[in-house]
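The values are calculated or read from the model by the stated rules, or taken from the named source; none is laboratory data. Every value quoted in this text rests on a predicted model; they were computed, and no experiment measured them. Reconstructed Cβ throughout: ideal geometry from the backbone, glycine too, with neighbour counts over all protein chains shown.
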Amino acid sequence: MSGKTVKGLRFRLTASYAFFFALLFATSAILFRQFLVTSLDSQTRETLDQEWGALKGYLRIEHGKPIWYDDHHDPDEALIGARLRQVYLLSQTDGNIIQESPEFRLLGLDSPALIRAAASSPEKWVEKTNSKQVLYLIRKGLITDESSPNVLYHVSIGRSLTDNQQLLRRFNWLAAGLIPLMVLGGSLVGWVLAGRGLSPVLQVAKTAQRITGSNLSLRIPERGAGDELDFLIETFNQMIERLEASFVQVRQFSTDVSHELRTPITILRGQLEVALLTANTKEQYRDAIVDSLDDIERLSHIVRALLLLSQAETGQVVLTRTLFDASELVRELGEQFQLPAESASIDLSIKAPSSCEAELDRIQIERMLSNLLSNALKFTPAGGRVHLELQCQRESVVFTVRDTGSGIDAEHLPHIFDRFYRVTGRDPKSSPEKGLGLGLSFVSWIVKAHGGSVEVESTLGAGTTFSVQLPNALAVAAVIAQEPSAGMNKV
């Protein structure tokens, strides 16, 4: 047997079965043997008690002489009398032997002193062995003289334990022969059962060997038994799903980086080559360097945004929930974006309760609202309006950003949260692409990380509304006051 087989789980399970069966059968044999010994001893003592009762009916002592009243002509009584006198001793209490059977004589006659001690002892059972090492169980007692009731005699009757000992020996040999066979049979059954039980595990292992980075879509079919192996298969499939998602994210990151960096790098290289070939003055070189630095800053911004988003989606960015006033955060953001709104001739307004206690990640919520407000300002023409509203509900908070911008065509709505997806108008020249196309991807991740939902409603040419609902970790959000008439504040 090879070392690999000995170390295998199937062999160890079979060895466990063999040990268990051996322990079970040996324990059962010991317990049954003890039960058999007790039963045989009890049966022998009960038989001797019955014979003692019969003895007192058949034996009479008159004037110191024993008289047996069994009828020799009656076969049954003759058999009983012969049985009673087979192992039999009658003596006076002072130790003088009156009558004994030949078989009892082989046990060795006791001395008068021992007889006197036995007659005065309350113990009625004793075991004795003859010269041939045959064990006997002796029943002792006292009987009276019919003519002199005050005179007592000591009587012993016995029975050989040879049959009992032979039965125990046969049982020992039977157990010694059967237990190894039963252990061997149990081991063979255990080997078969272990093989059948481990078969699904081997299938899982073989399937796992076939899974590589190029076929992570492979899954192990469940058996439908609902047992631990199905749970193992389900857990393994879930692990493969997570690995597949990670591989997809890595490939997506590589694709995004190569896609987004290719054009800026090409432009930057073209600018430098043109400057190298055509620039003659210090100002021309300076302009080329300034343009290159602007492109490099754009590249740095793209790389930082991609790394942050990739870390967020792979779980490296962990939410830090803290208790803060969401209304205060909304008002602060309104103040921050008021100047850019005025510069673009856009009317920015907010609506929020005077206080709204929420347990969220303040930094991520601020980033989410900043991205939504930035998008709204970018795509809202001069003279338009942008509105930010906070609703503090019983177990959730709802942020709404509404604008009167160009809107989003229905065909783009399913993709606006994808990386680098940028919406263009029907005329690209009049509505050029703006930004990196990562802002709404951040919004989507922040909402999912908080366990919330985001809805988008948009009408082309009339504006867009983003509504974000986040569960509040507090059981009940504390709303101190909410005044609709005074909620519209120009910041």
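Below is a table of values for the structure above.
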{"quantity": "Residue within the stretch 138-149 that is assigned to a strand (DSSP E or B), in the same structural domain as residue 57 (by TED's automatic domain parsing), over 27 Å from residue 46 (Cβ atoms) and modelled with pLDDT of 80 or more present", "calculated": "no"}
{"quantity": "Answer from 367, 385 - the residue that is of a type in the set (Lys, Arg), surrounded by fewer than 22 Cβ atoms within 10 Å (Cβ to Cβ) and touching a residue at least 60 places away in the same chain (Cβ under 8 Å)", "calculated": "367"}
{"quantity": "Given (1) exposed (fewer than 12 other Cβ atoms within 10 Å of the Cβ); (2) closer than 13 Å to residue 153 by Cβ, number of the condition residue 61 does not satisfy", "calculated": "(1)"}
{"quantity": "Boolean, residue 81 is over 30 Å from residue 166 (Cβ atoms), assigned to a helix (DSSP H, G or I) and not hydrophobic (A, V, I, L, M, F, W, C)", "calculated": "no"}
{"quantity": "Residue 44 being under 60 Å from the mean Cα position of the chain (by Cα), among the β-branched types (Val, Ile, Thr), exposed (fewer than 12 other Cβ atoms within 10 Å of the Cβ) and in the same structural domain as residue 161 (by TED's automatic domain parsing)", "calculated": "no"}
{"quantity": "Test: residue in the stretch 326-348 that is outside the structural domain of residue 402 (by TED's automatic domain parsing) and at pLDDT 80 or above", "calculated": "no"}
{"quantity": "All positions within the stretch 58-97 that are at negative phi and small (Gly, Ala, Ser)", "calculated": "78, 81, 82, 91"}
{"quantity": "Members of the stretch 68-97 found to be closer than 18 Å to residue 150 by Cα and among the aliphatic types (A, V, I, L, M), listed by number", "calculated": "90"}
{"quantity": "Enumeration of residues in the stretch 141-160 that are within 22 Å of residue 50 (Cβ to Cβ) and surrounded by fewer than 19 Cβ atoms within 10 Å (Cβ to Cβ)", "calculated": "141, 142, 143, 144, 160"}
{"quantity": "Restricting the stretch 78-100 to residues that are among the small types (Gly, Ala, Ser) and buried (at least 18 other Cβ atoms within 10 Å of the Cβ), the residue that is farthest from the chain's Cα centre (by Cα)", "calculated": "91"}
